[in-house]
Amino acid sequence: MRTSNGQPNVSNVHETAAENNGKPKAYSALYALQLRAFIDAAEDVDADPDTIEDLLEGLEDGDGEEEIQESDLDEDLDSESLALPAHEQHSAIEGSGDLDDLEVETEVIERLKREADGAWSKEETRKMMHHLKEHGMSSFVREYVITQNIPIVKLLFAFGISLCPELRNKQPQTMLYFLRVAMSKELHLREKLPQYNTLADAVSLIQASKRVVVLTGAGISVSCGIPDFRSHNGLYATLKERGTYDLDDPQQMFDIHYFRENPAVFYSFASQIYPSNFIPSPCHRFIKAIEDRGKSCHSLSSPKVDESHHQNYTQNIDTLETLTGITRVLQCHGSFATATCIQCRRRTPGTEIEKDIMEHRVPFCTVCLEAKKEAEEVRQAAFKKKAKKRGRKEWEEGSDEEEEAIPVGVMKPDITFFGEKLADDFEHALEDDRDKVDLLIVIGTSLKVSPVSEILSHLPHSVPQILINKTPVRHINPDIVLLGNADDIVQHLCEQLSWELPPPVEKRLEVPSLARPAKRTSGEMMGKTEPIRVAKSHVWLFEGAEGGKWVRDIEEKFLEENAGSESRTTQSRVPKEGPEVKKSRTRLG
């Protein structure tokens, strides 16, 4: 963590953390704290190997300098110690109880505090955070790092991070990684837009928006007969309960390294999620209705304008969006539509391996099999020719020689397994949509898989967000939350919008129309109760909602706020007693 001459290469603050009486100084507790936090952050923010190596460089220098002990990087030094947003905690070095138990030079901390306090005004910080939340990370780096040429150490002060002296000497790419960690944390702190709260607001937003992004997950296909993954009765829970396979985690089923070693395990259950004869759900058709409306609006307003920038980002691999007729769909995690040989990389239509999938059999590449067959025939012919020349006895002995195995590739559906990179189409589409979208609707996903889960923080924070899900998603902060069976919710919205859900595009998948008489409510039509609003909050409960303690906490919070507001209103309406009133009350007493 030092320069080639063994001294910290930073002025002022760094001088205190340099040599002490000519002896190498032990790494500070603050350094241990921040180093662990940045290393932990690599789980969420991509860090290349060179950056990780630079972070760890110098921990063992072999010159008698003390190393950071494993106990200093213990689990209690978590990523929360790195930084909090400026409005909650000015510096990562303030208020940490861990620092009381570790030897940290008070003088260094005080100097870091003074340096951070004078770096930016509140207005400057507000402006920078607004730029980040509205224009994204790339724009922030272009503006402040490249154009304005502001040192990253100073930029980090705006995020409430005061880098310790040992971390300020890092390579440029490592410093940029520090900034990306800080930006990522800030982007995950989206504030709810207060003007949107009701079902009527949701309907108005859908009606008025022309460039809608819909983010969907396994929850929209459950009613089609395809199990989701992470619910209490989903695919992972089922696999874990059965205990059929010796897995550390059911998610290994979709781990690329595990697949390469044992593809039979994946193909033992792949038929359960293969899109064979499934009928698209009302959610799929709701997305199609949004797309159709967008195209219609654009064609009416200007024939020269390209079709609506509506986009469906789906994490599903079942291709039901295509069966529904949705054209602007990005299958973020790939799909069963095609398959690729892991050996020769030949790609085929997914239908080529459909029979194997449905019969729980590992499909092998036909080209590889044919090549193996031809190679074996050539080899056998060569052996026979050689044996004929040398005599029968030598042929028999030679036939026992170990033959080099000719590999045959397994066909893998073009779905993105854990350990594989998403296609570049995802990043390109997201960058293109960022400045066009005017509404985000999230349906049927827990948003636990990166990088798709990052879409919410990537889009401008001023764009309204509607969540439609069976359970709350606790790590996001949407403007309107509709909890319950997704199909029931979208049908209720369609009724309010006076929309008729379009049928699937394939005739064999036609379903009855869901048009409703105008005078009948959704509750009457579906035999279910009307949605219930949680206190006066932005949360609404439909049939099938699983809110639990989260919903109760929301209700209590809003009831307390409303009670406090009513109390203040009542007090403000009570007239103040003047001198005459006080005299009258005295006489009556």
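Note down the nm distance, to one decimal, between modelled labels 7 Å out along Cα→Cβ at Lys210 and at Thr238.
Inter-label distance under the simple model: 4.5 nm.
Rounded to the nearest 0.05, what FRET efficiency is calculated for Arg142 and Thr366 with R0 set to 51 Å and r the Cβ-Cβ distance?
Efficiency computed from Cβ-Cβ geometry: 0.55.
Which of the pairs Lys470/Lys536; Lys470/Lys549; Lys133/Lys448; Lys372/Lys421; Lys192/Lys557; Lys133/Lys210 have their Cα atoms more than 24 Å apart in this structure?
Checking Cα-Cα distances, Lys372/Lys421 exceed 24 Å.
Tell me which residues come under 5 Å, amide H to amide H, from Gly325 once H is placed; ignore anything under 5 positions away on its chain.
Val505
For Ser462 and Ala42, compute 0.36 nm times the residue count separating them, minus their Cα-Cα distance, and round to one decimal in nm.
148.4 nm
Return the carbon/sulfur percentage of the accessible area of segment 159-240, one whole number, probe 1.4 Å, all protein chains in place.
54 percent
Give the long-range amide H neighbours of Ala42: residues separated by 5 or more places, or on another chain, with amide H under 5 Å away, using H modelled in the peptide plane at 1.01 Å from N.
The list, which skips near neighbours in sequence, is empty: none.
Work out from phi, with θ = phi - 60° and the Karplus expression 6.51 cos²θ - 1.76 cosθ + 1.60, the ³J(HN,Hα) of each residue of segment 215-223, listed in order in whole Hz, and give x for Gly and Pro.
My calculation for segment 215-223 gives 10, 10, x, 4, x, 7, 10, 4, 5 Hz in order.
What whole-number distance in Å separates the alpha-carbon centres of segment 306-346 and segment 35-58?
Their Cα centres are 33 Å away from one another.
Using alpha carbons only, how many angstrom separate the centre of segment 423-460 from the centre of segment 134-156?
If we compute the Cα centre of each part, the gap is 22 Å.
Relative to the Cα centre, what is the charge dipole magnitude of segment 302-386, using +1 at the beta carbon of each Lys and Arg, -1 at the beta carbon of each Asp and Glu, and rounding to the nearest 20 debye?
So the dipole magnitude of segment 302-386 works out to roughly 700 debye.
Using the basic label-point model (7 angstrom from Cα toward the beta carbon), what is the Lys421 to Gln272 distance in nanometres?
3.2 nm
Can you give me the pair-distance distribution of segment 181-240, C-alpha pairs, 10 Å bins, whole percents?
17, 24, 31, 26, 2
Is the shape of segment 130-266 rounded, prolate or oblate, going by the alpha carbon gyration tensor and its root eigenvalues a ≥ b ≥ c, with a/c under 1.5 for rounded and a/b larger than b/c for prolate?
oblate
The values are calculated or read from the model by the stated rules, or taken from the named source; none is laboratory data. Keep in mind it's a predicted model, so treat the numbers as computed, not measured. Cβ sites come from the backbone with ideal geometry, for glycine too, and all protein chains shown count toward neighbours. Ligands, DNA and RNA are stripped out before the accessible areas are found, and what is left, the full protein with its side chains, is counted by its heavy atoms. Shrake-Rupley method; radii C 1.70, N 1.55, O 1.52, S 1.80 Å.
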